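Trainee: Okay, handing you the structure first.
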Amino acid sequence: MARSLAGDLSAYEALVTRYSALAHRTAAMLGAGDEAEDVVQEAFVKAYRHLDTFRRDAPFRPWLLRIVANETHNLTRARGRRAELTVKITGLDRPGASDPADPADPENAAVATDRRARLLDAVRTLPERERHAVVCRYFLQLSEAETAQVLDLPVGTVKSRTSRGLARLREEVDRGLD
């Protein structure tokens, strides 16, 4: 990062290489969908243009992810889309399923894939504020402090939004099991 701040383009290229996949996942999980690549490219360009605003004592990852989150928000707002899907999770376990401890079993692999898809669908139904907090904390595995920095929120707000989001996910899963 120090070399990038000094104007070394190859050093910035190394940062782009290192953080591209994470930035792409962030954009996709925050609602960019098929346009995640465009969001990531724009975020890296903006980050480079604004390197002079980067605090040398701060970590690069949360700073970059905040830019990605802002760009994703701008994209979804510009196209007038609110990522609130109305997909309802159905039962997660089927009676008579194979041994769940055997991940090599094709049936278990299919069930696991289906569960992941339904979880992602349920996360997408969360209100945007709660979805962003849950995605940062659990899908991107950011700390509460990093999530607060990425979303430009107080840590207490991150905690409450995460808690509300998890409660809504539990309710959705419980409804699907009825």
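Trainee: Would you check the accessible area of residue 25, probe 1.4 Å, heavy atoms only, in square angstrom rounded to 10?
Mentor: Probe radius 1.4 Å; accessible area of residue 25 about 120 Å².
Trainee: Working from the alpha-carbon coordinates of the stretch 24-70, get Rg over Rh, Rh being the Kirkwood radius.
Mentor: 1.00
Trainee: Between residue 159 and residue 37, what FRET efficiency comes out of the Förster formula 1/(1 + (r/R0)^6) with R0 = 41 Å and r the beta carbon distance, rounded to 0.05?
Mentor: FRET efficiency, residue 37 to residue 159: 0.80.
Trainee: Just the Cα atoms of the stretch 1-51: what Rg and Dmax do they give in Å?
Mentor: Values for the stretch 1-51 (Cα only, Rg and Dmax): 11.6, 34 Å.
The values are calculated or read from the model by the stated rules, or taken from the named source; none is laboratory data. These numbers were taken from a predicted model, which means no experiment stands behind them. Methodologically, a virtual Cβ is constructed for each residue, glycine included, from the backbone with ideal geometry; neighbour enumeration extends over all protein chains shown. Note: areas computed on protein heavy atoms with side chains; ligands, DNA, RNA excluded. Shrake-Rupley method; radii C 1.70, N 1.55, O 1.52, S 1.80 Å.
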